[in-house]
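In what follows, a structure is listed as structure tokens, so that the remarks can point back to it.
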Amino acid sequence: AALAIKPAVPYEATPLPLADVRLTGGPLKHAQDLDAEYLLKLEPDRMLYYLRVRAGLEPKAKSGYGGWDGGGRQLTGHIAGHYLSAISYMYAATGDSRFKDRVDTVVNELREIQDKQGDGYIGGLMGSAGPSGGGAGRGDQKLVDGKALFQKLSQGTIRSGGFDLNGMWSPWYVQHKIFAGLRDAYRIAGNRTSLEVEKKLASWVDGILANLTDDQLQRMLATEFGGMNEVLADLYADTGDKRWLALSDKFEHKAIVNPLAEKNDILNGKHGNTLVPKLLGELMRYVYTGNELDGEAARFFFEEVAFHHSFATGGHGRNEYFGHADVLNPMIEGRTAESCNVYNMLKMSREMFGIDPDIRYADFHERALFNHILASINPETGQTSYMVPVGQGVMQEYQTMLGAGESFTCCVGTGMESHALHGYGVFYESGNELWVNLFAPCAADWKSKGVTLQMDTSFPEGDAATLKVTVDSPKEFTLRIRRPYWAADGFELKVNGEAMGNLPKPDSYVEIKRTWKTGDTVALALPKTLWKATLPDNPDKAALMWGPLVLAGDMSSMNSTPRGRGRSGARGGPPPNYPIFVSDEKSVDKWLLPVAGAPGTFKASSRSPTGGPNTDVTFIPFFKMHDKRYGIYWDIMTNADWDKRAGQLAAEQAKQQKLTAATVGYAQPGEMQMERDFNYQAGEESQPVRTQDRGGRRAATWFSFDLPVDTKHPMTLVVTYRSDEQARRQFEVQVDGKKVGEQMINRPGPQEQANFFDVEYAIPAEAVKDKPKVTVRFQAEKGSEVGRVFGIRMIRADAEK
């Protein structure tokens, strides 16, 4: 749909509409097909079950879906919005009328639900009536309809934390997904009813926030709110009604936006996917209004994340949080690179290129798409991944997709959308020019010029691409074809078989201006070389690259490598026998050698830091590595460096190996997914903390985690604390209600060095007898609080240390 306003910031280039680009082959098309099949398996009536129940309507299905979208869960209702966006995109990407039929059905259902609610509201959230320390719907707290808790918000009641607002888990985040689905149904699938439903929903939001002061709004925004600023700005652009722009203003989080606009990188310790949609919203506000503060914040944020916080795959963050800029060495292990973040960064990259056609944005688009996003979907099952880790001996976190267990997570929702968007951003148009940014088998209809193009390519594994032009009559226009940064020696471009001379340097555009006729062709040679993508803070650790493709090393045969959902070792560190590559050759292709008869497959001989025999490691493009343990970042050193470090590494790895063997369970407080995994519960005023890139948690009264035990061995609890508390903390450590220790942490003197330290607590045998797990509780003593806890480990006390 056309915008109702003229953007204040003109686009220099715009992507060809998704409906005008058809993928015709290759792995992107395969991922799209898997996603389309999955979307058609899902039942809209089950997705809308709880939305109908909350409105007082009879459900049309026997039950709703489970997982994060289940009844009384943290994000009930979010998946319907994701799904509506996804089927709108898939209709455009394929032209399959089944998706359009579903769009119309879901929108009509949402209108009926809204009409029944009577005030514009659409929602399925439940929340806790009292203070919540662990998110809505946890423990034995009384659950109430989220609509009532929104009414409390409208009256000025604001209990806000990182994810909890008045007992609801990220409620504006959920509303954002519903808004986005309605917007996409209107803009992409042409459903005009959805715009009317969206306006009524926005009116309800306006009513909720009407009487809140700016200070109250800013306190509210401390809770994750997705891209509410984006969808309301989009609604302004779609209607021309400035009421919605003013409402978008109420979702401008000044504590984040203002420092970023001043080019201050404040990202360390902040939740990744809380920020990316927020700054995408600022970017769209800038486009529509020209407000430079919004624009400066969005530009600086994108460039910091893309070029100073991202891994070689295009993903970023550990345990969902940012670290320091250009300090990635401590970040690569454990649960890294959440898929939602990359989905939203790609949305930003397309917008950034449109505003300013800088090739760096296209570079990032290619890197994140062909590595993280393409790797995030299992090519056999169609399952998508929450985390796509970049560490050592890791596995992907594939999700259950149809309602059981931890299904319908945020990353399942964005995965529905991501794999319908692969054709968007391949081509951009501007007047008489067409940019060719990506290489994928596809057909494009450049309607404004009466031109169609057919791209045939063996990329990403092959090294050639051909563009064939069809025109209704000879036309003069300019093709701007991207010469990637990785296409150096051997890059060639031929027009109708004739080689083009004076080619520009890598990472620039080849401009071909001519009068084109039907049958004209442009043929490209795109040779890929092997190279190292080193960490900015550790030149001896690197990902191995083949052109733009990250190579993953197969570690599935290394039996001692720990298993786990994206986690590497018991502390989130590398497994003890992780291979090291030693060579005095500076060129990677001298020691990483192609495997005969297996294109795209390489092999290298590695050394073991524990003194074992040399091992051959096989590498393939990361997007093809599935259902196996793998490695992305590797220690690569010279023989001299190896001699110096071998003894030290062996000792460190041996210590880590013993600790891993002794550990029965390890919980990391302050990290959202691990807190769910270990049944985190809390009293009032429990807050996540972060110090030196380590997550933790503090509490005014108490919090607890459930940890497994091994009844065949005596157990010891090891807890990690920090010595620099702001005041004396005194609290008990309990196991299933029995005190096993009393801890006191004093405030350090001005000259004392702050540090992390471990305390061991022996657990009586009767406390664990005949139990698979126990509850470890930290209980503040009267007049004090629980100090910050940065790790909780259950170990076998009789294991070798």
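The values are calculated or read from the model by the stated rules, or taken from the named source; none is laboratory data. All values derive from a computational prediction rather than experimental measurement. Cβ sites come from the backbone with ideal geometry, for glycine too, and all protein chains shown count toward neighbours. The accessibility values were calculated without ligands, DNA or RNA, using every heavy atom of the protein model including side chains. Shrake-Rupley method; radii C 1.70, N 1.55, O 1.52, S 1.80 Å.
Quick notes on this one:
- Residues that are within 17 Å of PRO527 (Cβ to Cβ), small (Gly, Ala, Ser) and open to solvent by 20 Å² or more (accessible area, probe 1.4 Å), drawn from segment 438-467: SER458, ALA464
- Qualifying residue in segment 192-203 (condition: surrounded by fewer than 20 Cβ atoms within 10 Å (Cβ to Cβ), among the β-branched types (Val, Ile, Thr) and either closer than 17 Å to ASN166 by Cβ or touching a residue at least 12 places away in the same chain (Cβ under 8 Å) (or both)): yes
- Taken over segment 503-515, the criterion of being part of a strand (DSSP E or B) and either among the β-branched types (Val, Ile, Thr) or surrounded by fewer than 10 Cβ atoms within 10 Å (Cβ to Cβ) (or both) is satisfied by VAL510, ILE512, THR515.
- Some residue of segment 107-126 being among the aromatic types (Phe, Trp, Tyr), out of contact with any Pro (no Cβ under 6 Å at 6 or more places or on another chain) and modelled with pLDDT under 95: no
- The requirement of being at positive phi and either open to solvent by 10 Å² or more (accessible area, probe 1.4 Å) or without any contact (Cβ under 8 Å) to a residue 60 or more places away in the chain (or both) is satisfied by GLY403.
- Of LYS270, LYS242, LYS254, all but one fail to be open to solvent by 60 Å² or more (accessible area, probe 1.4 Å) and farther than 26 Å from ASN166 by Cα; the exception is LYS242.
- Elements of type strands (runs of 3 or more DSSP E) contained in segment 613-674, each with 2 or more residues being open to solvent by 10 Å² or more (accessible area, probe 1.4 Å) and more than 20 Å from LEU544 (Cβ to Cβ): 663-667
- The residue of segment 54-89 that is surrounded by the fewest Cβ atoms within 10 Å (Cβ to Cβ), among those that are among the aliphatic types (A, V, I, L, M) and over 24 Å from GLY227 (Cα atoms), is ALA61.
- Those residues of segment 485-502 which are within 29 Å of GLY450 (Cβ to Cβ) and either touching a residue at least 24 places away in the same chain (Cβ under 8 Å) or part of a loop (DSSP other than H, G, I, E, B) (or both), in sequence order: LEU493, LYS494, VAL495, ASN496, GLY497, MET500
- Looking across segment 475-518 at every residue that is more than 17 Å from PRO460 (Cα to Cα) and small (Gly, Ala, Ser), the one that is modelled with the lowest pLDDT is identified as GLY501.
- Cross-chain or 6+ apart pairs with Cβ under 6 Å, segment 170-190 first and under 12 Å from VAL107 (Cα atoms), then not in a helix (DSSP H, G or I): ILE178/ILE122; ALA185/ASN191; TYR186/ALA1
- Filter result (open to solvent by less than 30 Å² (accessible area, probe 1.4 Å) and touching a residue at least 60 places away in the same chain (Cβ under 8 Å)) within segment 356-367: ILE359, ALA362, ASP363, HIS365, GLU366
Here is a yes/no grid of residues against (1) at pLDDT below 95; (2) touching a helix residue (DSSP H, G or I) at 6+ places or on another chain (Cβ under 7 Å); (3) surrounded by fewer than 24 Cβ atoms within 10 Å (Cβ to Cβ); (4) not in a loop (DSSP other than H, G, I, E, B):
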{"residue": "PHE301", "(1), (2), (3), (4)": "no, yes, no, yes"}
{"residue": "THR313", "(1), (2), (3), (4)": "no, yes, no, no"}
{"residue": "ASP326", "(1), (2), (3), (4)": "no, yes, yes, no"}
{"residue": "MET331", "(1), (2), (3), (4)": "yes, no, no, no"}
{"residue": "VAL342", "(1), (2), (3), (4)": "no, yes, no, yes"}
{"residue": "LYS347", "(1), (2), (3), (4)": "no, yes, yes, yes"}
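- Residue that is nearest to SER508 (Cα to Cα) [pool: residues in segment 349-382 that are in contact with a Ser or Thr (Cβ under 8 Å, 6 or more places away or on another chain) and part of a loop (DSSP other than H, G, I, E, B)]: PRO357
- Residue within segment 230-249 that is of a type in the set (Lys, Arg), within 24 Å of the chain's Cα centre (by Cα) and either over 22 Å from SER85 (Cα atoms) or in a loop (DSSP other than H, G, I, E, B) (or both) present: no
- The one condition in (1) within 23 Å of THR336 (Cα to Cα); (2) surrounded by 17 or more Cβ atoms within 10 Å (Cβ to Cβ); (3) out of contact with any Leu (no Cβ under 6 Å at 6 or more places or on another chain) that TRP435 fails to fulfil: (1)
- Within segment 378-389, if we keep just the residues that are touching a strand residue (DSSP E or B) at 6+ places or on another chain (Cβ under 7 Å) and more than 21 Å from PRO277 (Cβ to Cβ), the residue that is most open to solvent (accessible area, probe 1.4 Å) turns out to be GLN383.
- Filter result for GLN392 (open to solvent by 10 Å² or more (accessible area, probe 1.4 Å) and polar (S, T, N, Q)): no
- Among the residues of segment 417-447, those that are assigned to a helix (DSSP H, G or I) and over 15 Å from ARG22 (Cβ atoms) comprise GLU417, SER418.
- Number of the condition not met by ASP770 [criteria: (1) open to solvent by 70 Å² or more (accessible area, probe 1.4 Å); (2) modelled with pLDDT of 95 or more]: (2)
- Residues of segment 687-722 classified as in a strand (DSSP E or B) and under 15 Å from ALA765 (Cα atoms), total: 4
- Here segment 631-683 is the region considered, the condition is being in contact with a Phe, Trp or Tyr (Cβ under 9 Å, 6 or more places away or on another chain) and acidic (Asp, Glu), and the residue that is nearest to PRO536 (Cα to Cα) is ASP635.
Quick grid of which residues meet (1) open to solvent by less than 20 Å² (accessible area, probe 1.4 Å); (2) among the hydroxyl-bearing types (Ser, Thr, Tyr); (3) modelled with pLDDT under 90:
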| site | (1), (2), (3) |
| --- | --- |
| GLY696 | yes, no, no |
| ASP706 | no, no, no |
| ASP724 | no, no, yes |
| ASP736 | no, no, no |
| PRO748 | no, no, yes |
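- Total residues in segment 1-21, condition buried (at least 18 other Cβ atoms within 10 Å of the Cβ) and either of a type in the set (Lys, Arg) or at pLDDT below 95 (or both): 0
- Filter result for PRO621 (touching a residue at least 24 places away in the same chain (Cβ under 8 Å) and under 28 Å from VAL709 (Cα atoms)): no
- Exactly one residue among THR470, THR534, THR518 is open to solvent by 40 Å² or more (accessible area, probe 1.4 Å), more than 30 Å from GLN657 (Cα to Cα), of a type outside the set (Lys, Arg) and assigned to a strand (DSSP E or B), and that residue is THR470.
- Restricting attention to segment 30-49, the residues that are outside any loop (DSSP other than H, G, I, E, B) and open to solvent by less than 50 Å² (accessible area, probe 1.4 Å) total 11.
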